[in-house]
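Below is one structure, written out as structure tokens, with a few remarks after it.
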């Protein structure tokens, strides 16, 4: 195995350790919405969590006291997605390099 493959495998192990540290998570985005009365005039605000899961859009009311918690869970989800995407990229790179090595051995 090449030095680069060892580096990739070490990074994959680090990603796996980082994934074990991820806490509660949820997809989506918290946004402030404005209420309208029957005449279309704005009169108040509230927080809403919006996300898509299994091809369905969902929206939930979020009490202002929980906005910080939901935002932290959103950040954990983003971190999870970033780490898993990197893991997949590295795994594909490693697999391709191993494939090329084996292929060159066969040709010899």
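Of all residues in region 72-85, exactly one satisfies the criterion of being surrounded by fewer than 15 Cβ atoms within 10 Å (Cβ to Cβ) and either in contact (Cβ under 8 Å) with a residue 60 or more places away in the chain or not in a helix (DSSP H, G or I) (or both), namely 84. Pull up region 86-102, narrow it to residues that are free of Cβ contacts under 8 Å to residues at least 60 places away in the same chain and under 15 Å from residue 2 (Cα atoms), then point me to the one that is surrounded by the most Cβ atoms within 10 Å (Cβ to Cβ). Once the filter is applied, the top-ranked residue is 95. Just one of the listed residues (62, 67) is surrounded by 10 or more Cβ atoms within 10 Å (Cβ to Cβ), more than 30 Å from residue 4 (Cβ to Cβ) and in contact with a helix residue (DSSP H, G or I) (Cβ under 6 Å, 6 or more places away or on another chain), and it is 62. If the condition is being free of Cβ contacts under 8 Å to residues at least 12 places away in the same chain and more than 18 Å from the chain's Cα centre (by Cα), then region 35-55 contributes 35, 36, 37, 38, 39, 40, 41, 42, 43, 44.
For region 43-59, residues that are more than 18 Å from residue 77 (Cα to Cα) and surrounded by 10 or more Cβ atoms within 10 Å (Cβ to Cβ) total 3.
Values quoted throughout were computed directly from the atomic coordinates according to the rules given, and no laboratory measurement underlies them. Values in this document were obtained by computation on a predicted structure and should not be read as measured data. Neighbour counts are summed over all protein chains in view; Cβ atoms, including those assigned to glycine, are modelled from backbone coordinates with ideal geometry.
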